[in-house]
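Visitor: Below you'll find the structure I mean.
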Amino acid sequence: MTTPRWIETGSGPHGLVFLHGISGGAAGALDILPRITPVGWRGLAWDMPGYGASESIDPVDFDGYARALIAMLDAAGLERVVLVGHSMGGMIALQTAAAFPNYVTGLVLACCTPAFGASAGPLQQAFLDRRLGPLDDGASMRELAIEVIPTMVGPGGDPEVVRDAVNLMADIPPASYRAAMHALVTFDQRAVLSGLTMPALVIAGRDDAVSTPLVVRRMAERMSAATYLQLDAGHLAPFEEPQAFAGAVHDFLASLDNAPVTFLL
């Protein structure tokens, strides 16, 4: 397996990894990664397989994403990390924590759910039709992004956040986006939640219509060591409210055993 490409900031014995969503990439973490990475920590953000400079995997599924993440951690020399996952990145964090718990000291799950709806069926197909139908009809990724991204932010969302997210999504190879979408609708890790013993911070956006606060809170309640937090934002909460998000991550990291933190804000 080819090691995914990553960017990083900082240095030290403790590591955290930011995992972007289905419409993102490592480039989207250039601002948020330094914000959430304390002094004495290494902060990494990857291009998910098939995105940016990372080669795709075959088959494209969550088992493969988790294995690719572990390959990246091994290549980076990180044996134990905190995974900070946004949206689909949170799902990958859950998958990795369940399959490779010895690598994961903590989880920050932002605007994600433990499963995509119910079992495969009309809900999943309708979602795929909405997200992939425009591509089938000849739209570009930029045109799709212009249609989709504004629906992800809360009321009064910063136009700059929308613009940056549109530009990021526009650069995703259509084939990779399609493959990730088909993987997304198969995701279901509800059964593992009660068995995850590492500390977790679970964050919802008050106005998130994709991963609704009710579903996100219920996920947190099923985890044995999770804290729930709601931000005044939509689905792009880490980018809509970066200071509040970084502060929440800082507080969480400071609560972990044997992980002293110093913050430069």
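Every read-out reported here was derived from the displayed coordinates using simple, explicitly stated rules and does not represent laboratory data. These numbers come from a predicted model, not from an experiment. No Cβ is skipped: glycine too gets one built from the backbone with ideal geometry, and neighbour counts run over all protein chains shown.
Visitor: Test of understanding: extend the Cα→C-beta vector of residue 74 to 7 Å, then name every residue of the stretch 1-38 with backbone N under 13 Å from that spot.
Guide: Of the residues in the stretch 1-38, 1-4 have backbone N under 13 Å from the label point off residue 74.
Visitor: Just the number, please: Stokes-Einstein D of the stretch 1-78 in µm²/s, Kirkwood Rh from C-alpha pairs, 10 °C, 1.306 mPa s. Don't skip to the answer; put the middle values down first.
Guide: Values: Rh = 12.6 Å.
Rounded to a whole number, D works out at 126 µm²/s.
Visitor: Round to the nearest 0.05 the FRET efficiency obtained for residue 55 and residue 244 when R0 = 35 Å and r is the Cβ-Cβ distance.
Guide: Working: r = 35 Å, r/R0 = 1.00.
E between residue 55 and residue 244, to the nearest 0.05, is 0.50.
Visitor: Shifting gears a bit: In whole angstrom, note down how far apart the Cα centers of the stretch 1-51 and the stretch 167-200 are.
Guide: Value for the Cα centre distance between the two parts: 16 Å.
Visitor: Return a whole-number percent for the relative contact order of the chain, with Cα pairs under 8 Å and 6 or more residues apart as the contact set.
Guide: 21
Visitor: Give me the number: length gained by fully extending residue 39 to residue 255, i.e. 0.36 nm times residue separation minus the C-alpha to C-alpha distance, one decimal in nm.
Guide: Numbers: separation 216, 0.36 × 216 = 77.76 nm, distance 1.53 nm.
Going from the current span to full extension adds 76.2 nm.
Visitor: Subtract the Cα-Cα distance of residue 126 and residue 171 from 0.36 nm times their separation in residues, and report this length gain in nm to one decimal.
Guide: Computed gain between residue 126 and residue 171 is 13.8 nm.
Visitor: Work out the charge dipole of the chain with +1 on the Cβ of Lys and Arg and -1 on the Cβ of Asp and Glu about the Cα centre, then indicate which of 46, 7, 112 is farthest towards its positive end.
Guide: 112
Visitor: Ordered by packing density, taken as the mean number of other Cβ atoms within 10 Å over each peptide's residues, highest first, how do 134-144, 232-242, 178-188 rank? Before the final figure, lay out each step's value.
Guide: Values: 134-144: 14.1, 232-242: 25.1, 178-188: 18.2.
Descending packing order for the listed peptides: 232-242, 178-188, 134-144.
Visitor: Hey, another quick one. Under unit Cβ charges (Lys, Arg +1; Asp, Glu -1), what dipole magnitude, rounded to 20 debye, does the chain have relative to its Cα centre?
Guide: Working: 15 positive and 27 negative charges, 105 e Å.
For this selection, approximately 500 debye.
Visitor: With the Cα gyration tensor of the stretch 119-223 in hand, give its eigenvalues times 5 under a square root as the equivalent ellipsoid semi-axes, listed largest first in whole angstrom. Numbers along the way, then the final one.
Guide: Values: eigenvalues 150, 75, 31 Å².
Computed over the stretch 119-223, the values are 27, 19, 12 Å.
Visitor: Kindly express, to the nearest 10 degrees and within the range 0 to 90, the angle between helix 122-136's C-alpha long axis and the longest C-alpha principal axis of the chain.
Guide: Once rounded, the angle reads 70 degrees.
Visitor: Follow-up. With only alpha-carbon pairs counted, each pair once and no self-pairs, how large is the Kirkwood hydrodynamic radius of the stretch 46-205 in angstroms?
Guide: Numbers: mean 1/r = 0.0595 Å⁻¹.
It is 16.8 Å.
Visitor: Over the Cα atoms of the stretch 45-127, how large are the radius of gyration and the largest Cα-Cα distance (Dmax), in Å?
Guide: Every Cα atom of the stretch 45-127 included, Rg and Dmax give 13.4, 43 Å.
Visitor: On to the next question. Kindly write out, for the stretch 249-255 in residue order, the coupling ³J(HN,Hα) from the Karplus curve 6.51 cos²θ - 1.76 cosθ + 1.60 (θ = phi - 60°), rounded to whole Hz, with x marking Gly and Pro.
Guide: 5, 4, 4, 5, 4, 5, 7
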